[in-house]
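See below for the structure under consideration.
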Amino acid sequence: MTIASVTFMRRVIAISITILAFMTSTSNLASAAHPNKIYKNCTELRKAYPNGVAKSAKAAGTTSAFVNAKIYKENIKSDRDKDGIACER
């Protein structure tokens, strides 16, 4: 390996770590901004989560629903079609 390739690899690793740290902190901020709670109806839930709340990434698929199993469980009554997404659009 050349010095240039080692330097390049170090930069890629540093950038990857930075991106991962940002994604983790953003995820934590979203959870903190909307604590787990039971919403009265889908209108109220969509004020906090416009695309609904999914119990898993697999359930969310390409819907852009916010993925949080705890919030989904608290509001499972709003998942009328039982597809794993409460209040999807």
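Tabulated results
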| quantity | calculated |
| --- | --- |
| Answer residue from the stretch 70-87, given it is among the small types (Gly, Ala, Ser) and closer than 13 Å to Lys37 by Cβ and is farthest from the chain's Cα centre (by Cα) among those | Ser78 |
| Inter-residue pairs, beta-carbon under 6 Å, first more than 20 Å from Lys37 (Cβ to Cβ) and assigned by TED's automatic domain parsing to the domain that holds Asp83 and in the stretch 47-69, second surrounded by 18 or more Cβ atoms within 10 Å (Cβ to Cβ) and acidic (Asp, Glu), 6+ apart | Thr63/Glu88 |
| Residues (surrounded by fewer than 14 Cβ atoms within 10 Å (Cβ to Cβ) and in a loop (DSSP other than H, G, I, E, B)) located in the stretch 45-55 | Pro50 |
| Search result, residues across the stretch 59-79 that are β-branched (Val, Ile, Thr), under 19 Å from Thr43 (Cβ atoms) and either part of a helix (DSSP H, G or I) or out of contact with any Gly (no Cβ under 8 Å at 6 or more places or on another chain) (or both) | Ile71, Ile76 |
| Cross-chain or 6+ apart pairs with Cβ under 6 Å, the stretch 70-89 first and touching a residue at least 24 places away in the same chain (Cβ under 8 Å), then in a strand (DSSP E or B) and not aromatic (Phe, Trp, Tyr) | Ile71/Val53; Asn75/Ala86; Ser78/Ala86; Gly84/Ala54; Ile85/Ala54; Ala86/Val53 |
| Yes/no for Asn28 being within 12 Å of the chain's Cα centre (by Cα) and either at pLDDT 95 or above or not in a helix (DSSP H, G or I) (or both) | no |
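The values are calculated or read from the model by the stated rules, or taken from the named source; none is laboratory data. No experiment lies behind these values; they were computed from the predicted model shown. A quick note on method: Cβ atoms are made from the backbone with ideal geometry, for glycine too, and the neighbour counts reach across all protein chains shown.
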